[in-house]
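A quick write-up on the structure given underneath.
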Ligand code: FES
Ligand SMILES: [Fe+2]
């Protein structure tokens, strides 16, 4: 039984008000914004002068490799009237805002603000882009805008260890592409759905025909900030899934809001971030990585496999949102064996919110 499940409170009770309370939604958005967040593929900022724009929670961030080779990150919001400065990815010598052409150096300092010489007082040195933090883990980039964001290195090390144990080395992966999503459900409902495979036999017949989803063989585990599923191959799994080095499915949540999926077969990884986007809504993106030698056929099949499961899950979580926010019931009843990671997630989010409230007085 997990550490988090030993606590006194009744973790089988799942209060529903948390999924449609605007105060709570705000607090959780701040919690996510204050955490280290997966940002994108490190290969996009490998060259001096290359940049990648993205987000930390809902906050625009740009990561850039300066001409000396140092990786930097800035809040990507113009100090003038607040436009998002850089979009997409590419190469640049300066960061120039598309609105009135305020131009920042790659280190974030404001270099040029047209017509600022006509102002009585204008101090460029006070108008640098706000700083952000950036870090790489294998092929993955992470950012944080909160200087006190708790480190995630341990969770990432544990993730790398678990991936390695099913035959996947993070360092062997290359970026394939990104897809974005918007879901009419609270971010926690999305993550909680991900954290159990109790629904797999009913809701994902395709998935359940490849993996063994029986409670005796499908392993759920918790270590620090990493919540893991290990899904053994089912007896009738097609050959595509049984050859290629990855011996089992691995599905991971890195708290608070990352998921990492690995399907059995050839090297593959899908890294997703789910961000709170207002009451009962979330959005995010999925970055797909494959091995250098992963075949086109396998990639196509994996994307179709994940898309099928993803579409089924989107319906489910939106139906949950409709039910829990209807006011019909005060709470649900979790199964603490099959849904122990849901309970662990609930406890971890609750504790993180408490910590934030304590530190913010
Ligand atoms: S908002 Fe950026 S230059 Fe005006
Ligand atoms: Fe699902």
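For the structure I just gave you, tell me whether residue 114 is in a strand (DSSP E or B) and within 16 Å of ligand 1 (Cβ to nearest atom). Spell out the reasoning first.
Values: in a strand (DSSP E or B): no; within 16 Å of ligand 1 (Cβ to nearest atom): yes.
It is false that residue 114 is in a strand (DSSP E or B) and within 16 Å of ligand 1 (Cβ to nearest atom).
Assess whether residue 121 counts as being touching a helix residue (DSSP H, G or I) at 6+ places or on another chain (Cβ under 9 Å), free of Cβ contacts under 8 Å to residues at least 40 places away in the same chain and away from ligand 1 (no atom under 13 Å from the Cβ).
Answer is no for this residue.
Please go through the range 60-95 and give me each residue that is over 26 Å from the mean Cα position of the chain (by Cα), within 12 Å of ligand 1 (Cβ to nearest atom) and surrounded by fewer than 17 Cβ atoms within 10 Å (Cβ to Cβ), ordered by number.
Result: 80, 81.
Any chance you could count how many residues in the range 96-109 are more than 10 Å from ligand 1 (Cβ to nearest atom) and over 17 Å from residue 44 (Cβ atoms)?
Counting residues in the range 96-109 that are more than 10 Å from ligand 1 (Cβ to nearest atom) and over 17 Å from residue 44 (Cβ atoms) gives 4.
Looking at the range 47-69, which of the residues that are without any contact (Cβ under 8 Å) to a residue 24 or more places away in the chain and out of contact with any strand residue (DSSP E or B) (no Cβ under 7 Å at 6 or more places or on another chain) is nearest to residue 182 (Cα to Cα)?
The residue in question is 69.
In the range 77-104, what residues are assigned to a loop (DSSP other than H, G, I, E, B), touching a strand residue (DSSP E or B) at 6+ places or on another chain (Cβ under 8 Å) and either farther than 21 Å from residue 58 by Cβ or within 16 Å of ligand 2 (Cβ to nearest atom) (or both)?
92, 94, 101, 102
For residue 334, indicate whether it is more than 21 Å from the chain's Cα centre (by Cα), touching a residue at least 60 places away in the same chain (Cβ under 8 Å) and in the same structural domain as residue 225 (by TED's automatic domain parsing).
yes
Return the only residue of 250, 206 being assigned by TED's automatic domain parsing to the domain that holds residue 325 and surrounded by 19 or more Cβ atoms within 10 Å (Cβ to Cβ).
Sole residue among the options that is assigned by TED's automatic domain parsing to the domain that holds residue 325 and surrounded by 19 or more Cβ atoms within 10 Å (Cβ to Cβ): 250.
For residue 196, state whether it is within 14 Å of the chain's Cα centre (by Cα) and either in the same structural domain as residue 352 (by TED's automatic domain parsing) or assigned to a strand (DSSP E or B) (or both).
Against the criterion (within 14 Å of the chain's Cα centre (by Cα) and either in the same structural domain as residue 352 (by TED's automatic domain parsing) or assigned to a strand (DSSP E or B) (or both)), residue 196 does not qualify.
Just a yes or no: is a residue in the range 170-180 in the same structural domain as residue 17 (by TED's automatic domain parsing), buried (at least 23 other Cβ atoms within 10 Å of the Cβ) and over 14 Å from the mean Cα position of the chain (by Cα)?
Scanning the range 170-180 turns up at least one residue that is in the same structural domain as residue 17 (by TED's automatic domain parsing), buried (at least 23 other Cβ atoms within 10 Å of the Cβ) and over 14 Å from the mean Cα position of the chain (by Cα).
Just name the residue that is farthest from ligand 2 (Cβ to nearest atom) out of those in the range 183-217 that are in contact with a strand residue (DSSP E or B) (Cβ under 6 Å, 6 or more places away or on another chain) and within 12 Å of residue 316 (Cβ to Cβ).
183
Do you know which residues across the range 309-361 are farther than 15 Å from residue 191 by Cα, touching a strand residue (DSSP E or B) at 6+ places or on another chain (Cβ under 8 Å) and in a helix (DSSP H, G or I)?
324
State whether one or more residues within the range 124-131 are at pLDDT 95 or above, away from ligand 1 (no atom under 14 Å from the Cβ) and farther than 27 Å from residue 143 by Cα.
Scanning the range 124-131 turns up no residue that is at pLDDT 95 or above, away from ligand 1 (no atom under 14 Å from the Cβ) and farther than 27 Å from residue 143 by Cα.
I'm told residue 355 meets every condition in (1) within 18 Å of residue 194 (Cβ to Cβ); (2) modelled with pLDDT under 95 except one. Can you identify the failing condition by its number?
(1)
With respect to the numbered conditions (1) closer than 19 Å to residue 260 by Cβ; (2) surrounded by 13 or more Cβ atoms within 10 Å (Cβ to Cβ); (3) out of contact with any helix residue (DSSP H, G or I) (no Cβ under 8 Å at 6 or more places or on another chain), which one is the sole condition not fulfilled by residue 128?
(1)
Residues that are assigned to a strand (DSSP E or B), within 16 Å of ligand 2 (Cβ to nearest atom) and crowded, with 17+ Cβ neighbours inside 10 Å: does the range 291-308 have at least one?
no
Quick check on this structure: which one of 220, 240 is part of a helix (DSSP H, G or I), more than 13 Å from ligand 2 (Cβ to nearest atom), touching a residue at least 40 places away in the same chain (Cβ under 8 Å) and under 23 Å from residue 310 (Cβ atoms)?
Going through 220, 240 in turn, the sole match is 240.
The values are calculated or read from the model by the stated rules, or taken from the named source; none is laboratory data. Everything numeric here is computed off the predicted structure, so don't read it as measured data. Note that each Cβ is placed from the backbone with ideal geometry, even for glycine, and that neighbours are counted across all protein chains shown.
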